[in-house]
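For reference, the structure is listed below as structure tokens.
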């Protein structure tokens, strides 16, 4: 039975193992003293977190026994192998990737001995800038902070006290989400998404499980502030084959609804269908325009696939039809060797009047603020499959067949 979470804070220091299970975690990033440990702000941070009643994991990139990790300060070859700078950096990177939030508190000082100058902090900040899980702060008097604040101005709020920075982090983490074993390497905001769970639950259903996980890229819709696309690199134990596969990436985005709107003819290949012509940046053909069925996805959790289909059809073609006219055929992946999302295919039969309305429609459709510019075409099935990509060709033939 899964535990609901720890009842006290767990502190993990440099090069110590990640916990076997957790509900929430944060990494305390920022200047780390190499010699003068009394300069460290981590002790104060732990005291503040205790007072706040934080009961998750805290990763601290300092040695529990205050042993420096600079090779030059370590005597003996065995100790050098144990406390190498590479081991420290590998540990830091792994924990920063895995944790649910990274706290960048930067009390920078321009000291002649370079203690608390935070040069490595600058690199780490840039490395994780687009992880969507940073919480940032620095004292008002901290020098040379303008650039970090500038490059993160559209993503993160900056705080001027350590307490406020930690308070924002704790509020964000909330009750957390229980994870165990390799799941602790999946940041909470990724683990909770429908995109990830749709892929992950199917793995578990057939007896597969994760042996490793690395987050590679994530994209949040700027206006909606919702996760749209994730790219991650999992290692998966395949139960059916008793082996681990670890050399592929998963592109996970929101599921989609596509609509085959058609006017039936005696010969199926002469049946007329509605296609959208639009420029999409990845397109690679002789016209540099994509021809596809109307379709898209919704970031509204209340929208089911049918409602999304009807909205997309109206948005991209101007046809506002009763949802009862739509027939759902199936839900399949479009590119199973790369993308985990699925497409729900709907069909709707149009009258001669409705198909003629589309034929005479010379307007530009789509959501202009999302850079959509859609030009409508009515083509026969034979014409359409010559224009469309393999995914759309398959959907057209499946829809007409049924």
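Rule-based calculations on the coordinates, nothing more; no lab input. Quick caveat: nothing in here was measured; it's all calculated off a predicted structure. Methodologically, a virtual Cβ is constructed for each residue, glycine included, from the backbone with ideal geometry; neighbour enumeration extends over all protein chains shown.
Of note:
- Viscosity 1.002 mPa s, temperature 20 °C, Stokes-Einstein D of region 193-253 from Kirkwood C-alpha radius, µm²/s: 173 µm²/s
- Look at the alpha carbon pairs under 8 Å that are at least 6 residues apart: their mean separation over the length of the chain gives a relative contact order of 12 percent.
- Over region 10-173, volume per residue of the alpha carbon convex hull, in Å³: 113 Å³
- Relative counts (whole %) of C-alpha pair distances in region 339-402, using bins that are 10 Å wide: 16, 39, 39, 5
- Max mean-square fluctuation residue, GNM over the chain, Cα-Cα springs under 10 Å, options 187, 222, 301: 301
- Rounded to 5, percent antiparallel among DSSP beta bridges of the chain: 60 percent
- In degrees, nearest ten, helix 390-401 long axis to first principal axis of the chain (Cα): 40 degrees
- In Å, descending, principal axis extents of the Cα set of the chain: 86, 51, 41
- Tensor-based shape of region 76-229 (alpha-carbon gyration tensor, a/c under 1.5 rounded, otherwise prolate or oblate): oblate
- Separation in nanometres of the label points that stand 7 Å from Cα toward Cβ, at residue 85 and residue 360: 7.5 nm
- Label point at residue 111 placed 7 Å out along Cα→Cβ; residues across region 22-44 whose backbone nitrogen lies under 11 Å: 32-41
- Chain lengthening between residue 10 and residue 306 when straightened (0.36 nm per residue, less Cα-Cα): 102.0 nm
- Extension gain for residue 203 to residue 335 (0.36 nm times residue separation, less C-alpha to C-alpha distance): 45.8 nm.
- Potential lengthening between residue 47 and residue 66 on full extension [0.36 nm per residue; Cα-Cα distance subtracted]: 5.0 nm
- Counting DSSP beta bridges with both ends in region 246-402, the antiparallel % (nearest 5): 70 percent
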